[in-house]
C-alpha cells in the first residue's frame with residue numbers, strides 16, 4: 001500500500017508512526033512517501049499511485065495540496081489535517097475522506113482509517 005504524507009517533517013514522521021500503529025494497518029505492507037516540498041509532493045503524485053494521501057498543512061496551503069491531489073488522483077482517498085476547523089467545509093466540498101483539526105492523536109487516526117475502510121467498501125459494491 002502506497003501512502004503519501006504531505007506536511008512538515010515533524011508531522012510526516014508523527015503521522016507515519018500513528019498510521020503504522022493503527023489496528024487496521026498493522027499487518028499491511030506500507031510504503032510511505034514523504035516529500036520535502038510542494039514541488040516534490042506534485043512530482044511524487046505523478047510518479048506513484050497512492051491509495052491514501054494525508055495532507056497535514058494549514059489554511060490555503062493545505063487546501064491547494066488537497067485540490068492538487070484530487071485533480072491528479074480523483075479516486076484516491078484524501079485525509080486532511082489542519083490547524084483551522086473552518087476548512088472542514090472545504091474538505092467536504094473537495095471530497096476528502098476525512099478532515100480533522102490538529103492535534104492528531106491515535107484516536108483521530110483510528111477514526112480516519114475507519115472512514116477510509118468504509119469508503120473503500122462502498123466503492124467496491
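The residue that is surrounded by the most Cβ atoms within 10 Å (Cβ to Cβ), counting only those in the range 95-108 that are in contact with a strand residue (DSSP E or B) (Cβ under 9 Å, 6 or more places away or on another chain) and not in a loop (DSSP other than H, G, I, E, B), is 99. Within the range 61-94, if we keep just the residues that are in a helix (DSSP H, G or I) and in contact with a strand residue (DSSP E or B) (Cβ under 6 Å, 6 or more places away or on another chain), the residue that is surrounded by the fewest Cβ atoms within 10 Å (Cβ to Cβ) turns out to be 85.
Listed by first and then second residue, the pairs with beta-carbon distance under 6 Å, at least 6 apart or on different chains, first residue in the range 59-88 and free of Cβ contacts under 8 Å to residues at least 24 places away in the same chain and on the phi < 0 side of the Ramachandran plot, second assigned to a strand (DSSP E or B) and surrounded by fewer than 17 Cβ atoms within 10 Å (Cβ to Cβ), are 85/101. If you take the residues of the range 1-15 that are farther than 12 Å from residue 106 by Cβ and within 12 Å of the chain's Cα centre (by Cα), which of them is surrounded by the most Cβ atoms within 10 Å (Cβ to Cβ)? Filtering first and then ranking leaves 6. Checking the range 16-36 against the condition returns no match, with no residue being over 18 Å from residue 2 (Cα atoms) and either within 13 Å of the chain's Cα centre (by Cα) or in a loop (DSSP other than H, G, I, E, B) (or both).
Here, each number is a calculation from the coordinates, and none is a lab measurement. What you see is a predicted model; the values in this text were computed from it and never measured. Neighbour counts run over all protein chains shown; Cβ positions are idealised from the backbone, glycine included.
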